[in-house]
Each structure stands twice: as structure tokens, then as C-alpha cells.
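Here is the structure we will look at, set down as C-alpha cells.
The values are calculated or read from the model by the stated rules, or taken from the named source; none is laboratory data. Keep in mind it's a predicted model, so treat the numbers as computed, not measured. Here the Cβ positions follow ideal geometry from the backbone for every residue, glycine too, while neighbour counts run over all protein chains shown.
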Amino acid sequence: MSRAMNSICGLSKDEIANCEVLGVASTDRSCSCHEQDKDRAEFMKLCRRVEYTVRAWYLLQFEDLMQLYALFDPVSGEKSLEQQSLTRDETETLELNFLTYLFQIMDKSNFKLLSDEENEVAHSGQYLLNLPIKVDESKVDKTLLSRYFKEHPHDNLPAFADKYIVFRRGIGIDQTTDYFFMEKVDVIISRAWRFLLRVTMIEKLFSRKRQLKPKKDTKKTDEVNDEEPADLFVERIRLEKMELRRASKETKKDRGIFVKHFKNIPMADMELVLPEKKNPSLTPMDWVLFLISAVLGLVTLVGSLEMPKADIWVVTAIVSGLVGYCAKTYFTFQANMVTYQNLITKSMYDKQLDSGKGTLLHLCDDVIQQEVKEVIVSYYILMEQGKATIQDLDSRCEQLIKEEFGVECNFDVVDAVKKLEKLGIVSRDSIGRIICVPLKRANEIIGTTTEEMVMRAQQAPAGS
């Protein structure tokens, strides 16, 4: 301790000069930290102002979307349509307007319409769901989407695009470990059966018959209302007091539009998100086992009966074995049905994010977050790394996201630059490179937003 004091008290001129230099350096470092804190505050202010401004841009479009969906909400849309007293043509026009807004929002949220090739890939494989699933087409409308795609053509639409549509976003990997013996056999049998139908031309015969069958319109008209009234009112209605009327022959068209949002659905199990699913039937493996056991059992039974001295116990054993094997196949199918129902229930509980109005609200917020992040990342790259072309800015933004978050993405730089130009905080030089204005100037150009004024009013003292 004394040695330390002696060295402090006995400083030479060189040491004093070094201390002065260190003192100046520490002062410069303090000023630099102060400047960094000031720039950080300015950048946070810019982020907030960009978010408030982008949200204001989309506000009117989102309000129109929600008002249109209020007319086609499966729960309460029917009453809203009756109150508006709209004609059929007006209602159909509003339906198309809603779909137009919906497709625009899905595109802004980077959702892509499932293409025909992707649908083929999804149906060519099996994962957790190993039962043949089909949609009950008699319960699904076929006119609305047909009218929309007629006015707004899209390339490479899947075959079911006239009945329902599926959007997707992002790519992930889901893994499960097993041997999957029966599933592999099912795939082999189903492919062999389809090949046999194509070779024998029976497939075309079946498809023609399917088209000639009249399809009954058995659409659902009763929907369960999840909204509970404020006060519970219970009334017992006895059968003899019910007011009956003659049933109308004309079925009232149900104009409810169902919108659901799922996450982490394996591509091979895309059937989980399909509407109006029919109960699964026997798998190809089940049919083969059932037919083989039936044929072998009948051949053995007939052969034993044709013998001169047919043993009743042998016949009984054959019949019992045949019945037992058929029962085993049936109960195996029932077990698969239980597994399917559990998988559907688990998927609806764990993987369905929302439905109806909640899905639209989630999409609206998702659009804003996507747009704001693209604008902020682009401006940050220009501010830190200087002027850049569109291609350079695109690669720099993708590199930043990969380095900071470990995620590879396809950055939508063109849309981000359009937003920056609309905000007035970037410009282009003579050769087309993009230049951003200084941070403080950018905040001045955007100006004080309404949200900031409200926050200042809330933070101000009550007496001021």
C-alpha cells in the first residue's frame, strides 16, 4: 500500500504528460459514448415514427377489410346482410372486394398461394397422417372462388382452387423416427393400384361416372355461435308448443366465408387444414388384407366342403379364422380412426392460431410488422454502410439478418425502398445508387406523429 502511494506521489514529467493524454482520451471516449446514446435515441425515435406512419397508411384498408368481413362472418354475417338489404349483385360485388383485400394482405405478409406442383408434392407423401382424407364437396361452395379467379387470373392454380384455397409461408423441418413398415406398404399398394387403373383405362371410366353423378346441395345453414350473452337465459321448449311451418323447397344460400390460420403443418399432412373432411375409409393395405383373407378363406372352405368326408370341426375352424381375421382388420381400422381423431384434435388445439376475425386482425398486424422491419433494416444499412445499389442493398440486408439472427431470407428490398422514398428519407444519385438522409434530418422529415402527441399529452402534468 505504501509503494502504491509513493509511485502516485512521485510522478515524472513524462508520466504527467501520459496522464494528460489519457485524460483527453477518456474525455473523447465519454463524448463518443454520449454521441452514441444520442444517435441511439434518434434511431429509436425514427423506428417509432416509421411504425406509426406505416400503420396509418394501412389503417383505412384494414378498416374496409374488417367491415366487409362483418357481412360474411359465419357467426353473425347473415344478420348483417339482412340489415343492409343488399341485392344479389351488390352482395357478390362485396364478396369479390373482400377477397381482393384479403389477397393483397396475404401478399404483403409474404404468404404464397399453394401451387399445383406443391399440392402434388404434398399428396405424394405421408407423414403422421396415414389415412386417405377427402373433402365433402357437396358442403363447399364452388362459385365464389371461381368468379374471383375469373376476374383475377392466377397461374398454376391447384385443382381445388374453385372450392377452397391454401396459403403457405416459410419452410421448416419436422422430424419423427420410426420404421413405418405398414405406411410404406400402403404407399406401394396405392401406387400399384393407380398404375393398374391407368393401364386398364378403368380410371377414365370412373372419372366420367363421377362427373355424371348429380351433386346435391347440402350446405350447412346452421352455425354454432360461440358468443355467450351477458345474462344466461334458459327456457324449456316442449315438443307440443313448437311453432311449425311448411318446409321451403328453396335452400337459402350460406354466404359465410371461413378463414383459419395454422402453424407448423407438415407438407405431407396438408389434409389436416382442409375444410369439411369426410371420415377416412380403409387404407389400401387394409383392403388388400381383407380381400386376400376373404378369398383364401372361401377357397379353403369350399375345398373342405367338397371333400367326401367333410369334418365339421375343420369347417368351423376355417370360418372362425376368417371371421377373426376380418374382425382384426376392422378393429385395426377403428384404432387408426381413433389415432386420426386424436391427431385432428391435437392439431386444432396446438397448431391453429386463430380463425375468422382473429385471423384477419393477426394478418393486419403481421403486414405492419413486415413493412416496418423491411424499412428499418434498409435504412440502417444505408446509414451504416453508405450509398448502395438495389442489388447491393438487398445482399447487405440479407447478410445482416443472417449474421444477427442466423436466418436466411429473401429480402424484399424493392418494396422497402419504395416505402423509404415515400417517407422522403432516401434519394438517388446520378447513377441510381440509393442515399439516405442523416438520422436527425430523417426524423424532421417524417415529423411528429399523432401517437407522439398523445403520449406527450398523457405524460404532461395535470395542471399544465
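Here are a few things to note about the model shown:
- Positions within region 163-173 being touching a helix residue (DSSP H, G or I) at 6+ places or on another chain (Cβ under 8 Å) and either farther than 16 Å from Gly256 by Cβ or loosely packed, with under 12 Cβ neighbours inside 10 Å (or both), in sequence order: Val166, Phe167, Arg168
- Search result, residues across region 146-162 that are free of Cβ contacts under 8 Å to residues at least 40 places away in the same chain and crowded, with 18+ Cβ neighbours inside 10 Å: Ala161, Asp162
- Of the residues making up region 182-206, those that are modelled with pLDDT of 75 or more and assigned to a loop (DSSP other than H, G, I, E, B) number 1.
- Considering Val315, Val259, Val323, the condition of being modelled with pLDDT of 75 or more and over 30 Å from Tyr69 (Cβ atoms) is satisfied by Val323 alone.
- Scope region 80-111; condition closer than 24 Å to Leu60 by Cα and among the charged types (D, E, K, R); matching residues: Glu90, Glu92, Glu95, Asp107, Lys108
- Among (1) without any contact (Cβ under 8 Å) to a residue 12 or more places away in the chain; (2) of a type in the set (Ser, Thr, Tyr); (3) closer than 14 Å to Leu46 by Cβ, the one test that Ser430 misses: (3)
- Pairs where the first residue, in region 96-124, is farther than 19 Å from Glu151 by Cα and in a helix (DSSP H, G or I) and the second is acidic (Asp, Glu) and at pLDDT 90 or above, C-beta under 9 Å, 6+ apart: Lys108/Glu371; Lys108/Asp415
- Residue match in region 329-347 (condition: closer than 30 Å to Glu63 by Cα, assigned to a helix (DSSP H, G or I) and not charged (D, E, K, R)): no
- Residues that are in contact with a helix residue (DSSP H, G or I) (Cβ under 8 Å, 6 or more places away or on another chain), part of a loop (DSSP other than H, G, I, E, B) and not aliphatic (A, V, I, L, M), drawn from region 61-95: Asp73, Ser76
- Applying the set (1) surrounded by fewer than 17 Cβ atoms within 10 Å (Cβ to Cβ); (2) in a helix (DSSP H, G or I) to Cys364 leaves exactly one unmet item: (1).
- Near pairs, Cβ below 9 angstrom, 6+ apart or cross-chain, from region 189-213 (closer than 23 Å to Asp136 by Cα and hydroxyl-bearing (Ser, Thr, Tyr)) to any residue that is modelled with pLDDT under 75 and surrounded by 11 or more Cβ atoms within 10 Å (Cβ to Cβ): Ser190/Pro132; Ser190/Thr283; Ser190/Pro284; Ser190/Met285
- In region 255-271, the residues that are buried (at least 17 other Cβ atoms within 10 Å of the Cβ), within 30 Å of Glu90 (Cβ to Cβ) and under 9 Å from the mean Cα position of the chain (by Cα): His261
- Scope region 427-463; condition part of a loop (DSSP other than H, G, I, E, B) and at pLDDT 85 or above; matching residues: Asp429, Ser430, Ile431, Gly432, Arg433, Val437, Pro438, Gly447, Thr448, Thr449
- Pair list, Cβ under 8 Å, 6 or more apart: region 307-327 residue farther than 29 Å from Trp287 by Cα and surrounded by 10 or more Cβ atoms within 10 Å (Cβ to Cβ), other residue modelled with pLDDT under 75 and not aliphatic (A, V, I, L, M): Ala310/Ser304; Asp311/Ser304
- Every listed requirement among (1) among the basic types (Lys, Arg); (2) touching a helix residue (DSSP H, G or I) at 6+ places or on another chain (Cβ under 9 Å); (3) surrounded by fewer than 18 Cβ atoms within 10 Å (Cβ to Cβ) is met by Lys419 save one, (3).
- Residue in region 33-56 that is of a type in the set (A, V, I, L, M, F, W, C) and either touching a Gly at 6+ places or on another chain (Cβ under 6 Å) or modelled with pLDDT under 85 (or both) present: yes
- Qualifying residues in region 393-418 (those that are touching a residue at least 24 places away in the same chain (Cβ under 8 Å) and part of a helix (DSSP H, G or I)) - the one farthest from the chain's Cα centre (by Cα): Leu393
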